[in-house]
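Worksheet for the structure shown next.
All of the numbers you see were taken from the coordinates with simple rules; none came from a lab. What you are looking at is a predicted structure, and each value in this text was computed from that prediction instead of being measured. For neighbour counting, all protein chains shown are included, and Cβ atoms are generated from backbone atoms with ideal geometry for every residue, glycine included.
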Amino acid sequence: MRLLVFEFISGGGLANEALPDHLAREGLMMRTALLDDLSAVENLELIVLNDVRISEPEVQGIVLAIEPGINLNSYLTTIHDSYEAVWLIAPESSGILVEWQQFFMQQNKLICLSAEKALLLCQHKLNTIQHLEKFDVSCVSSQKYDSFLPMKSGEWVLKPMDSVGCEQTYLLQTQQDWLDKLPALTEQEDYLLQPYIKGQALSLSALFSQGECVLICCNQQHTSLIDNQFQLDACTVNVNREKRADYQALCSKIAQAIPELWGYIGIDLIETAQGELLVLEINPRLTTSYVGIKAATGLNVAAHVLALLNEKMPVLQHTKSTSVPVTIH
């Protein structure tokens, strides 16, 4: 099978714009880890899109250089006969992930990604939470921010409804914080408001297919605050292994609630001091935690995702059991 690997940031999605350093770094890390896994899969020919401003990947396959000024849609249309399937990694913000999925679907390609219905749901954080709560999945209490409401007392987290990672995610603790941050909000964008909950910031990595799922591992998120804005500095992959049964149970409830989820999925959550698991959002694509999974568990997750194309949920056999740090900043 000829597989096109398109990581949006490093693969030319921003060929006509400046490359944000932090997004380029994370995108490149994910792409490198994915190519390492895919290179070990037999009967697979790799084609990789690469923005010329980023170092060319060392991979057994074809690397296509994406130059500034290129119309990527037109270019991919001209070469569509050269690949049969696509591994797409792109942000949900501004509908980018859905837009590119639709593009490749129109070319009748196999796409290693969830169904459009799941992507549309997950790109809207409030809709995701309200949907999950109907299926008895505990989530962080959430509401749409309304500029006509008075500023709230206490500690609150404010972020765009379709943000990725910590993008424009603010901690508001005082009235001055509100006064400082509210002018920066964009009128055309919806924002989500959630109470700030102290606890462990975690993510779950799992494989999903047809309403079933299997947990890969739990990961701890390490964040810092810079001018009241959260920044993801690192993650530790494969932690809290004694709680796997609880994490698996949560993933299974989510799989039943959103049966259109498919492939590798990341779930962000807070684990409170009382052990309650509260979902924040669902990322229907590779996440930064993927970078450390092979070193932590011995699993080739990409190979298992490709096996899901045959509609059979794999049995994961970890050959390692250690925690691995992944540094971002």
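So for THR174, THR78, THR287, fewest C-beta neighbours within 10 Å to most, what's the order?
Least to most surrounded, the residues fall as THR78, THR174, THR287.
Can you give the calculated 222 nm mean residue ellipticity of the chain, where each DSSP H run of n ≥ 4 adds -39,500 (n - 2.57) and the sum is split over every residue, rounded to the nearest 500 deg cm²/dmol?
-7500 deg cm²/dmol
Cα extents of the chain along the three principal axes, largest first, in whole Å?
Between the extreme Cα coordinates on each principal axis of the chain lie 57, 47, 33 Å.
Check which residues have an amide H placed less than 5 Å from GLU281's amide H, if you skip close sequence neighbours.
ASP268
When only Cα pairs under 8 Å and 6 or more residues apart are kept, what is the percent relative contact order across the stretch 1-146?
RCO, the stretch 1-146: 24 percent.
Please enumerate, by chain and number, the lysines with C-alpha under 23 Å from the C-alpha of LYS253, excluding those fewer than 8 residues away in the same chain.
LYS117, LYS125, LYS134, LYS243, LYS312
Under the definition of Cα pairs under 8 Å and six or more residues apart, what whole-number percent is the relative contact order of the stretch 94-177?
With pairs under 8 Å counted, the relative contact order is 21 percent.
May I ask you to list the chymotrypsin sites (Phe, Trp or Tyr not before Pro) in the stretch 33-122 that are in a DSSP loop and have at most 16 other Cβ atoms within 10 Å of their Cβ?
Qualifying residues, ordered by number: none.
If a/c stays under 1.5 just call it rounded; otherwise compare a/b with b/c (prolate if a/b is bigger, oblate if not). Do that for the stretch 2-113, with a ≥ b ≥ c from the square roots of the Cα gyration tensor eigenvalues.
Because its axes are fairly even, with a/c under 1.5, the stretch 2-113 counts as rounded.
Compute from the Cα atoms of the stretch 97-209 the Rg and the Dmax, the latter being the longest Cα-Cα distance, and quote both in angstrom.
For the stretch 97-209, the Cα radius of gyration and maximum Cα-Cα distance read 16.7, 52 Å.
Only Lys, Arg, Asp and Glu count, each charged at its Cβ (+1, +1, -1, -1), so figure out the dipole size of the chain about its Cα centre, rounded to 20 debye.
With Lys and Arg at +1 and Asp and Glu at -1, about 720 debye.
Counting only other residues whose beta carbon sits under 14 Å from that of LEU121, what net charge do I get with K and R as +1, D and E as -1?
Local charge sum for LEU121: -2.
Counting Lys +1, Arg +1, Asp -1, Glu -1, what net charge surrounds SER252 among other residues with beta carbon under 14 Å of its beta carbon?
Net local charge, SER252 excluded: -1.
Just check the stretch 150-264 against the gyration tensor rule for me: Cα atoms, a ≥ b ≥ c as the square roots of the eigenvalues, rounded for a/c under 1.5, and otherwise prolate or oblate depending on whether a/b exceeds b/c.
prolate
In the neighborhood of LEU44, defined by Cβ-to-Cβ distances under 14 Å, what is the net charge if each Lys or Arg adds +1 and each Asp or Glu adds -1?
Net local charge, LEU44 excluded: -4.
Between GLU242 and VAL315, how high is the FRET efficiency from 1/(1 + (r/R0)^6) when r is the Cβ-Cβ distance and R₀ = 22 Å? Nearest 0.05.
0.60
Using only the Cα atoms of the stretch 170-328, build the gyration tensor, take square roots of its eigenvalues as a ≥ b ≥ c, and label the shape rounded, prolate or oblate: rounded if a/c is under 1.5, else prolate if a/b is larger than b/c, else oblate.
It is prolate, given that a/c is not under 1.5 and a/b is the larger ratio.
Among SER55, LEU35, LEU3, whose Cα projects farthest towards the positive end of the dipole of the stretch 2-113, with charges put on the beta-carbon of Lys, Arg (+1) and Asp, Glu (-1)?
After comparing all options, I get LEU3.
How big is the charge dipole of the stretch 146-195 about its Cα centre, in debye rounded to the nearest 20, if each Lys and Arg gets +1 on its Cβ and each Asp and Glu gets -1 on its Cβ?
So the magnitude is around 180 debye.
Compute the long axis of helix 125-134 from its Cα atoms, compare it with the longest principal axis of the Cα atoms of the chain, and write down the angle in degrees, 0 to 90, nearest 10.
80 degrees
Taking only the alpha-carbon atoms of the stretch 146-195, what semi-axes of the equivalent ellipsoid follow from 5 times the gyration tensor eigenvalues under a square root, in whole Å, largest first?
16, 13, 10
Extending each Cα 7 Å along its Cβ direction at ALA40 and ALA184, get the distance between those two points in nm, one decimal.
4.1 nm
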